[in-house]
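S.K.: Quick one: the structure is below, and I'll ask about it shortly.
The values are calculated or read from the model by the stated rules, or taken from the named source; none is laboratory data. Keep in mind that this is a model prediction, so the values were computed, not measured. Virtual Cβ from ideal backbone geometry, glycine too; neighbours counted across all protein chains shown. Areas reflect the complete protein model, heavy atoms only, side chains present, ligands, DNA and RNA absent. Shrake-Rupley method; radii C 1.70, N 1.55, O 1.52, S 1.80 Å.
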Amino acid sequence: MKHQPRIAVIGSANIDLVTYTDQFPRPGETIFGREFSLGFGGKGANQAVAARLCGAEVAMVARVGDDLFGPANIQNFAARGVNTSRVLPTPGVSSGVAPIFVDSLGQNRILVVKGANDRLSPADVDAAAAVLEGADFLVMQLEVPLETVYYALRFARQHGIRSILNPAPGQALDLAQVAHADYVIPNETEAEALAGMPVHNLEDARACAQKLLDGGVRRVIVTLGANGALCAAPDGMTHVPAFPVQPVDTTGAGDAFIGSLACFLAEGFAEMDAIARANLYAALSTLGAGTQKSFVTRQRLDAEWAVRGA
Ligand code: RIB
């Protein structure tokens, strides 16, 4: 490793309740699902764990609920070596949970109940200043209040820390606030919500990224699943192809991409190299069931990269 990166994630921690099924019940109907799995999730937590598995020193800024999932989440971070000093138990509120349905093609449908994540405040960001200030990158998503995300983006800019915004789940945002981020990384659905135009293919992604750049966004990486990623900056756009795989479960692949990318960029890899490595890390995560459970170690990534990266 060139230099040990330091990443801080300000975001959500959920418990994922994953049901594997090919059919969905109609109103009033009961049907059987194939399998069930309980796991740690939340876009913020997933990105923190991915960055950690890739070798970064990681601090998490989050809120967990007043239920059995709260301490379990903190224990999970600690067991993975993530700094939990700013993961705050929050009285009188549930933890974030995500019922997730995965079909036989590995595609997911996710419903998030934000719970304690919705209590993460700008004051929590300020209170975490000591752990944030030494970071190479601050990483944020949208499962916590928008006010907090915008505040954290301004905090990063004021403190000269590079930032990544994953605008997920997709929603319309204030582009003037989003423009504080060094990287904005949506998938197709999230890009569509952000730019207000459909994104179904690479050409759409180019047009959408151009609209976001014209709106003041600094750099955009649109993740395109099996089509890889499009990196767009004022000086041009580059498509970075994906590594073909037969996915079992794509849940959390976007988080795997973002967490690993933050690590690789902070480590000093050139941008396109970092994106290609993050593409492989995300692809490998789809080969296992579950969210964090399917994320691989740096050792496994490097071994795969040695074979497939060239
Ligand atoms: O991106 C996948 C994640 O979205 C899941 O872990 C779920 O908790 C939701 O946050």
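S.K.: Give me the dipole magnitude in Debye, nearest 20, for the chain about the Cα centre, with unit charges on the beta carbon: positive for Lys and Arg, negative for Asp and Glu.
M.R.: 480
S.K.: While we're looking at this one, here's another question. Using a 1.4 Å probe and counting only protein heavy atoms, arrange Thr21, Thr238, Thr30 so the residue with the most accessible area comes first.
M.R.: Greatest to least solvent exposure: Thr30, Thr238, Thr21.
S.K.: Just how far, in whole angstrom, is region 130-184 from region 279-304 if you go by their alpha carbon centroids?
M.R.: 25
S.K.: Another question about this same structure. Can you tell me which aspartates and glutamates have their Cα less than 13 Å from the Cα of Lys43? Leave out same-chain residues fewer than eight positions away.
M.R.: Cα-Cα hits under 13 Å: Asp16, Glu143, Asp255.
S.K.: Sticking with this structure for a sec: Please report, in debye to the nearest 20, how large the charge dipole of region 174-310 is about its Cα centre when each Lys and Arg carries +1 at its beta carbon and each Asp and Glu carries -1 there.
M.R.: 320
S.K.: Ok, one more. When ligands, DNA and RNA are left out and all protein chains stay put, how many square angstrom of accessible area per residue does the chain have with a 1.4 Å probe?
M.R.: That works out to 41 Å² for each residue.
S.K.: Then there is this: Would you mind pulling out the separation of the Cα centroids of region 234-275 and region 198-221, in Å?
M.R.: If you average the Cα positions of each part, the centres end up 17 Å apart.
S.K.: Return the FRET efficiency for the residue pair Arg300, Asp214: r is the Cβ-Cβ distance, R0 is 51 Å, and the value is rounded to the nearest 0.05.
M.R.: My answer for the efficiency is 0.80.
S.K.: What list of ³J(HN,Hα) couplings, whole Hz, do you get for region 221-235 from phi and the Karplus terms 6.51, -1.76, 1.60, once you set θ to phi - 60° and write x for glycine and proline?
M.R.: 10, 8, 8, 10, x, 5, 9, x, 9, 10, 9, 10, 9, x, 8
S.K.: Which of the DSSP-defined H helices in the chain satisfy a minimum axial length of 20 Å, computed from C-alpha atoms, and a minimum mean Kyte-Doolittle hydropathy of -1.0? Don't jump to the answer; show the numbers that get you there.
M.R.: On the way: long enough: 253-267 (21 Å, 1.25); 271-285 (21 Å, 0.39).
Taking the DSSP H segments of the chain (at least 20 Å long, mean hydropathy at least -1.0), we get 253-267, 271-285.
S.K.: Near Lys211, which aspartates and glutamates are there with a Cα under 16 Å away, not counting those fewer than 8 places off in the same chain?
M.R.: Qualifying aspartates and glutamates at Cα under 16 Å: Asp174, Glu188, Glu190, Glu192, Glu203, Asp235.
S.K.: Okay, moving on. Need one value: the accessible area of Met197 in square angstrom, 1.4 angstrom probe, rounded to the nearest 10.
M.R.: Around 50 Å² of this residue is reachable by solvent.
S.K.: Label Gln107 and Leu17 with points 7 Å out from Cα along Cα→Cβ: what is the distance between them in nm?
M.R.: 2.4
S.K.: While we're on this one: Region 1-51: percent of C-alpha pairs farther apart than 11 Å? All intermediate terms of the calculation are to be shown ahead of the outcome.
M.R.: Details: 956 of 1275 pairs.
For region 1-51, the share of Cα pairs beyond 11 Å comes to 75 percent.
S.K.: Charges only on Cβ, +1 for Lys and Arg, -1 for Asp and Glu: so what's the dipole of region 28-111 about the Cα centre, in debye to the nearest 20?
M.R.: It comes to approximately 280 debye.
S.K.: Could you please state, rounded to a whole Å, how far the C-alpha centre of region 25-53 is from the C-alpha centre of region 54-80?
M.R.: Measuring centre to centre over Cα atoms gives 17 Å.
S.K.: Residue farthest toward the positive end of the dipole of the chain, with Cβ of Lys/Arg at +1 and Asp/Glu at -1: which of Met140, Gln299, Leu230?
M.R.: Among Met140, Gln299, Leu230, the one farthest towards the positive end of the dipole of the chain is Gln299.
S.K.: Okay, moving on. How high is the FRET efficiency from Thr238 to Asp66, r the C-beta distance, R0 45 Å, rounded to 0.05?
M.R.: It comes out at approximately 0.45.
S.K.: In addition: Carbon and sulfur together cover what percent of the accessible area of the chain at a 1.4 Å probe radius?
M.R.: 54
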